Amino acid sequence: MPEFKTSPGTRDILAPHSARWRAFQDVFASTVESAGYSYIIPPMFEDLDVFLRLGEATEVVTKEMYDFHDKGGRHVALRPEQTASVCRAFVEHRPTTPWKVWYAGPNFRYEKPQQGRYRQFDQVGIEALGADDPLLDAEVIALAAKFYADLGLRKVHLSINTLGDAGDREKYSQALSQYFMANEKDLTTESRATLARNPLRVLDSKREPDQKVIAGAPAIREFISDVSNQHFDAVLQALDALNISYEINNRLVRGLDYYRRTTFEFTSIALEAAHTAIGGGGRYDGLVEALGGPATPGIGFALGLDRTLLACDAEKVFDAPATAVQVFVVDTVDGMHAHAVCHELRSNGLSADRAYDLRSMKAQMKSADRSGATLALIIGSDEVENSTIMLRPMGSGDQYLIARKDLVAEVKKALNPK
Ligand code: AMP
């Protein structure tokens with residue numbers, strides 16, 4: 001047993017999975033950059049207060065934060081998500097609006113680790129600040145749907161709801177509170193505690209006894225103002241115009257206190273119940289203001305990389321890309337020839353690897369096999385004497401001599417036979 005292992009809820013991502021992670025982020029970048037979103041890299045920790053503005057009823061903030069005092073006495077926290085950081089950056093830099101950005105990277109939440117739930121987990125996401133247009137809501141949702149499709153996923157389900165504006169939410173919250181209080185004895189202990197903090201969040205509970213009570217709860221649509229309803233209808237029409245299918249789910253409230261109006265969640269029907277949520281988002285008009293900025297509408301989403309890849313596994317799509325080098329150089333003379341040949345190939349845009357420590361021809365050929373390279377170049381004393389190199393397309397049983405001076409041209413020819 002090694003003395004040190006990764007901390008619970010964290011993992012080393014090794015090849016070939018690491019290449020898949022990077023490819024995932026590349027696909028995301030091209031999907032959202034094609035819609036005018038620019039890349040933002042917020043810091044991984046911020047003043048604790050930045051995240052506290054997400055709201056006291058947000059579990060991510062109250063229960064799961066990695067916060068500590070640094071050596072300068074500042075109370076900081078590792079980011080549990082990135083929307084708060086993006087809004088803080090907006091207030092700090094005051095970019096022109098609409099400000100459309102995307103991000104990728106790890107977040108930290110002190111949760112109970114299990115498959116699809118980690119303490120350090122990666123998300124990709126976008127945020128668009130400064131426009132209230134329902135067509136922007138639809139664009140944001142359409143981009144998430146397009147990204148899933150770009151990965152090859154087909155079994156992704158979109159649920160959507162509106163939470164109305166602050167006033168509507170308040171009225172609904174009161175009605176819910178009354179209803180849940182009247183039925184408190186049938187709720188689980190956890191939900192009773194949630195009820196005291198934020199009755200809306202009781203709707204999030206997936207626990208069986210709570211589900212029964214939730215089924216009879218008042219629906220938000222009855223409390224939504226005309227303006228909010230019109231906004232929602234416009235979003236739905238815009239989704240219809242793009243043939244994006246969705247299900248309206250009146251019980252969908254999601255985590256943040258600052259969510260307003262449009263809220264949505266993507267689930268994978270290829271995954272088991274425990275980790276079906278692969279992404280979600282919504283409008284959070286009010287968050288920028290809470291962080292000390294001017295009243296500014298905002299909308300965005302965050303998608304869980306880990307869980308989306310689990311969905312890819314379940315649908316058998318988006319395999320890890322091949323990362324093998326093109327050429328493996330075997331040198332049985334002194335290693336210096338492989339040294340120079342690798343350098344020349346790499347300098348000409350080709351990928352090459354080699355063996356070290358002057359191992360036997362057999363051992364070096366084994367490494368060549370294991371490397372997955374397309375070609376092996378073999379250099380022995382005869383080749384050195386005649387200024388040649390033996391070129392062997394791997395797995396073909398074939399080989400031929402090339403002139404040392406024609407190295408790059410011959411390798412390119414062998415890699416791309418016409
Ligand atoms: P949230 O920021 O809570 O709205 O989560 C957005 C998405 O991030 C979820 O749908 C999950 O796919 C993913 N996610 C959230 N928490 C975790 C976690 N602890 N481990 C892995 N993925 C997570």
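The values are calculated or read from the model by the stated rules, or taken from the named source; none is laboratory data. Note that the structure is predicted; figures quoted are calculated from it, not measured. Cβ coordinates were reconstructed from backbone atoms using ideal geometry, including for glycine residues, and neighbour counts include every protein chain displayed. Keep in mind that these areas ignore ligands, DNA and RNA; they rest on the heavy atoms of the full protein, side chains included. Shrake-Rupley method; radii C 1.70, N 1.55, O 1.52, S 1.80 Å.
Here are the numbers:
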read-out	value
Violating pairs (Cα-Cα greater than 27 angstrom) within the set Lys155/Lys206; Lys5/Lys206; Lys146/Lys412; Lys112/Lys171	Lys5/Lys206; Lys146/Lys412; Lys112/Lys171
Charge dipole (debye, nearest 20) of the chain; +1 at Cβ of Lys and Arg, -1 at Cβ of Asp and Glu	680 debye
Estimated FRET transfer efficiency when R0 is 41 angstrom, pair Asn250-Ala324 (beta carbons, to 0.05)	0.20
Cα centroid separation, region 133-169 to region 59-94 (Å)	26 Å
Positive-end extreme of charge dipole, region 327-415 - chosen from Asn386, Ala363, His337 (charges on Cβ)	Ala363
Pair Arg370, Asp226: separation of 7 Å Cα→Cβ label points (nm)	7.4 nm
Cα-based shape type of region 202-319, given that a ≥ b ≥ c are square roots of the gyration tensor eigenvalues and the cut on a/c is 1.5	prolate
Between region 171-210 and region 364-379, the alpha-carbon center distance in angstrom	63 Å
Within the chain, longest stretch clear of exposed chymotrypsin sites (Phe, Trp or Tyr not before Pro) (DSSP loop, no more than 14 other Cβ within 10 Å)	5-355
Trypsin sites (Lys or Arg not before Pro) restricted to region 109-158 and DSSP loop, no more than 16 other C-beta within 10 Å	Arg154, Lys155
Net charge contributed by nearby residues that have their C-beta within less than 15 Å of Ser245 (K/R +1, D/E -1)	0
Accessible solvent surface per residue of the chain, calculated while the other protein chains remain in place, 1.4 angstrom probe, Å²	50 Å²
Carbon/sulfur fraction of accessible area - the chain, other protein chains in place, 1.4 Å, %	51 percent
Region 327-415: C-alpha gyration tensor shape, a/c 1.5 cut-off, then a/b vs b/c	rounded
Distance in nm between pseudo-label sites at Thr6 and Thr62 (7 Å out along the Cβ direction from Cα)	3.1 nm
Principal-axis tilt of helix 17-33 within the chain, Cα atoms, nearest 10 degrees	60 degrees
Degrees separating the helix 305-315 axis from the principal Cα axis of the chain, which is the longest one	70 degrees
Antiparallel content of DSSP bridges confined to region 327-415, in %, to 5	50 percent
Gaussian network model of the chain, springs between alpha carbon atoms under 10 Å - residue of Gln120, Gln399, Gln174 with greatest fluctuation	Gln399
C-alpha long axis of helix 134-151 to longest principal axis of the chain, angle in °	40 degrees
Cα coordinate range in the chain, projected on the principal axes (Å, largest first)	92, 53, 43
Extension reserve of the Arg154-Asp313 stretch, reckoned as 0.36 nm per residue once the Cα distance is removed	56.0 nm
Among Asp70, Asp319, Asp240, residue whose mean-square fluctuation peaks in a GNM of the chain (springs only between Cα atoms under 10 Å)	Asp70
Gain upon complete extension [Glu344, Leu14; 0.36 nm per residue less C-alpha separation]	115.9 nm
